[in-house]
Amino acid sequence: MGMRQVQILEATKTTTNSVGRRSMGMPVQRIRVAAYCRVSTDGDEQLGSFVSQKSYYEEKIRQNKEWVLAGIFADEAITGTKVDKREGFQEMIRECQNGKIDMILTKSISRFSRNTQDTLKYVRMLRDRNIAVIFEKENIKYQISELGKVDTGGGGTIAYILANYGAEVID
């Protein structure tokens, strides 16, 4: 199954993880939201899930008037334990480092990474850049709050959260 090309939309935004307000006819600044999808095998059932994940996130982002699609990044038939083999993940991280993404949506912690060290490394790197990460299955939004503190949606530190989801925490 061939990979579809993703068009990256450039957005103008001056404050990270905030939404500008419409005032005196000025446009609303929107949060640049990307999604990350991954399936680990190339079986028909998994590939169907892969297509469904991508469609789901395109629609979810499109429906939120405060968001603009910054890209759907995906890895197909790739294990989640080795980040260096996941080209879609690496491209998403580069876009984050280049200031083009404000928030990432992903189905679950295990879709983001199955390696606890990598999960901690990338979530912390994103946090330091004020980029929110939402793990939908676990209902976790990991971001910097308006007070400048890490907000995990009441779930505790990311290491604590990972430990509660059965991952071995190595810090």
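Can you find, within the range 47-76, the residue that is modelled with the lowest pLDDT among those that are loosely packed, with under 14 Cβ neighbours inside 10 Å and polar (S, T, N, Q)? Walk me through it before giving the result.
Within the range 47-76, the first condition is being loosely packed, with under 14 Cβ neighbours inside 10 Å, and the residues that meet it are 48, 52, 55, 59, 62-66.
Okay, now just the ones that are also polar (S, T, N, Q), so 52, 55, 63-64.
Details: 52: 86, 55: 90, 63: 95, 64: 94.
Here the residue is 52.
Counting only residues that are within 14 Å of the chain's Cα centre (by Cα) and among the basic types (Lys, Arg), which one in the range 80-120 is least open to solvent (accessible area, probe 1.4 Å)? Among those residues, the one meeting the criterion is 111.
The residue pairs whose first member lies in the range 124-135 and is under 16 Å from residue 36 (Cβ atoms), whose second member is assigned to a loop (DSSP other than H, G, I, E, B), and whose beta carbons are closer than 6 Å, counting only pairs six or more residues apart or on different chains, are 132/17; 135/108.
The values are calculated or read from the model by the stated rules, or taken from the named source; none is laboratory data. Source: prediction; values computed, not measured. Heads up, the Cβs are rebuilt from the backbone with ideal geometry, glycines too, and the neighbour counts pull from every protein chain shown. Surface areas here come from the heavy atoms of the whole protein model, side chains and all, with no ligands, DNA or RNA. Shrake-Rupley method; radii C 1.70, N 1.55, O 1.52, S 1.80 Å.
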